[in-house]
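The values are calculated or read from the model by the stated rules, or taken from the named source; none is laboratory data. Small disclaimer: the values here were computed from a predicted structure and weren't measured. All Cβ positions, even for glycine, are placed from backbone atoms using ideal geometry, and neighbour counts span all protein chains on display.
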Amino acid sequence: MQADIILIRSVFTAVLVTAGYLIQPIPESVDKEIGLPGGSRLLSAIAGALLAGGIIFFELRIRRASLKTLIGAAVGSILGIIGSTMMGFLITAQHWDQPIKSFLTLTLTLFMAYVGLLVGAAKGDYLDLSALGGILSDRGAKQSYKILDTSVIIDGRVADIAEAGFMGGTILIPQFVLRELQQIADSSDSAKRNRGRRGLDILQRIQKNSNLEVQINETDFPNVREVDLKLIELGKQLNAPIVTNDFNLNKVAHLRGVEVLNINELANALKPVVLPGEIMKVFILKEGKEYNQGVAYLDDGTMVVVDNARRLIGKNVDMVVTSVLQTTAGKMIFGRVEDQKPEARDARDTRGDYRDRPSRPTPIPAPSVD
């Protein structure tokens with residue numbers, strides 16, 4: 001897509017340069033003034049190249065504007081030209097010199113068109129395109145794009161989610177996010193460098209998937225320096241959600257009215273639901289904080305605390321869930337080994353462990369007296 005756009009711009013520039021050289025809008029009398037034969041044709045070709053450059057620059061700027069902004073600018077400029085035309089009739093009715101009338105009419109037309117263009121573009125966000133219906137409706141814009149944040153690319157889980165088919169629509173990767181990834185990959189810090197390279201590998205993995213539609217968006221906001229704020233502006237412009245796992249970006253985007261898809265919230269929602277009494281098979285990894293406890297972890301990182309499992313470290317055991325605790329840091333599951341009967345455990349707790357008791361001396365029998 002990007003190569004096609006560059007080809008079209010090159011052909012457009014070549015056509016204008018050729019047209020300027022052949023049509024020669026600059027008169028040949030200029031040749032005598034500059035003292036260069038054929039200089040008028042050369043200047044005409046240069047003028048065509050400058051005109052093409054100005055048009056392409058205007059096209060690059062106009063592509064960044066949203067549909068609402070374009071409609072507002074067009075309506076505002078049309079109304080400004082209509083108003084200047086009506087006022088021009090009043091100027092022509094005056095008994096002034098013709099040069100003065102022409103100058104005032106031209107100035108008034110440019111002024112009204114300019115003011116109408118800027119005011120209409122500024123107020124275009126207040127338009128409700130859904131009321132117009134048809135192709136001008138922007139209801140489906142939220143589902144058509146998913147903008148990836150730098151942090152979620154480095155995280156890597158977004159690739160698995162996309163390959164599983166849960167990233168509908170087009171995956172959009174802004175150019176300024178790519179630049180940030182490249183800066184991280186080129187960092188002198190080895191940790192940052194590895195994170196940046198991991199992010200680039202994840203992007204290559206997403207792009208190589210033929211079932212996913214991936215686009216590189218060149219829209220930039222030169223007046224905005226931070227990447228997070230640029231993502232928010234792009235999300236507002238395209239009316240598209242931002243995929244991230246950055247807590248701060250999540251909060252700021254919600255305050256700015258931009259939808260956010262948080263990978264961490266998705267991971268929490270997909271954690272298995274366990275109830276007291278269920279039987280789970282876990283691997284006791286290490287010793288717990290309390291006496292005789294063992295600690296295990298589920299595949300999603302949930303901590304499982306098993307009573308009286310210290311002797312089972314390094315083994316797979318079946319445990320019975322006794323309670324589930326939800327904290328701000330995540331979910332914790334408490335249980336006991338399945339083959340451990342509650343009655344036996346309560347009796348042992350009442351008697352105490354025989355290993356903790358002091359050993360009693362063996363009584364020595366008294367010598368027999370014959």
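Based on this model, can you work out whether LEU231 counts as within 30 Å of THR150 (Cβ to Cβ) and either in a loop (DSSP other than H, G, I, E, B) or at pLDDT 90 or above (or both)? Give the steps one after another, and end with the answer.
Details: within 30 Å of THR150 (Cβ to Cβ): yes; either in a loop (DSSP other than H, G, I, E, B) or at pLDDT 90 or above (or both): yes.
For LEU231, the condition - within 30 Å of THR150 (Cβ to Cβ) and either in a loop (DSSP other than H, G, I, E, B) or at pLDDT 90 or above (or both) - is met.
Is one or more of the residues making up segment 176-188 buried (at least 17 other Cβ atoms within 10 Å of the Cβ) and assigned to a loop (DSSP other than H, G, I, E, B)?
Checked segment 176-188: no residue is buried (at least 17 other Cβ atoms within 10 Å of the Cβ) and assigned to a loop (DSSP other than H, G, I, E, B).
Could you say whether any residue in segment 253-261 is surrounded by 14 or more Cβ atoms within 10 Å (Cβ to Cβ) and either farther than 30 Å from ILE232 by Cα or among the polar types (S, T, N, Q) (or both)?
For segment 253-261, residues surrounded by 14 or more Cβ atoms within 10 Å (Cβ to Cβ) and either farther than 30 Å from ILE232 by Cα or among the polar types (S, T, N, Q) (or both): absent.
Which one of these is modelled with pLDDT of 85 or more, within 40 Å of the chain's Cα centre (by Cα), closer than 18 Å to LEU275 by Cα and not in a helix (DSSP H, G or I): VAL320, VAL305?
So the residue among VAL320, VAL305 that is modelled with pLDDT of 85 or more, within 40 Å of the chain's Cα centre (by Cα), closer than 18 Å to LEU275 by Cα and not in a helix (DSSP H, G or I) is VAL305.
Say whether the condition of being at pLDDT 90 or above, surrounded by 12 or more Cβ atoms within 10 Å (Cβ to Cβ), under 30 Å from PHE247 (Cα atoms) and within 41 Å of the chain's Cα centre (by Cα) is met by at least one residue in segment 280-289.
Taking every residue of segment 280-289 in turn, none turns out to be at pLDDT 90 or above, surrounded by 12 or more Cβ atoms within 10 Å (Cβ to Cβ), under 30 Å from PHE247 (Cα atoms) and within 41 Å of the chain's Cα centre (by Cα).
Taking segment 252-279, which residues are of a type in the set (Lys, Arg) and either within 20 Å of GLN326 (Cβ to Cβ) or at pLDDT 90 or above (or both)?
LYS271
Being farther than 18 Å from GLY116 by Cβ and either modelled with pLDDT of 75 or more or aromatic (Phe, Trp, Tyr) (or both): is that true of SER44 here?
yes
Here is a yes/no grid of residues against (1) farther than 14 Å from ILE216 by Cβ; (2) in contact with a Leu (Cβ under 9 Å, 6 or more places away or on another chain):
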{"position": "ILE154", "(1), (2)": "yes, yes"}
{"position": "GLY165", "(1), (2)": "yes, no"}
{"position": "GLY168", "(1), (2)": "yes, no"}
{"position": "ARG179", "(1), (2)": "no, no"}
{"position": "GLN183", "(1), (2)": "yes, no"}
{"position": "ASP186", "(1), (2)": "yes, no"}
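Would you mind finding the one in ASN248, ASN239, ASN262, ASN223 that is on the phi > 0 side of the Ramachandran plot and either in contact (Cβ under 8 Å) with a residue 12 or more places away in the chain or polar (S, T, N, Q) (or both)?
Testing whether each residue is on the phi > 0 side of the Ramachandran plot and either in contact (Cβ under 8 Å) with a residue 12 or more places away in the chain or polar (S, T, N, Q) (or both) leaves just ASN239.
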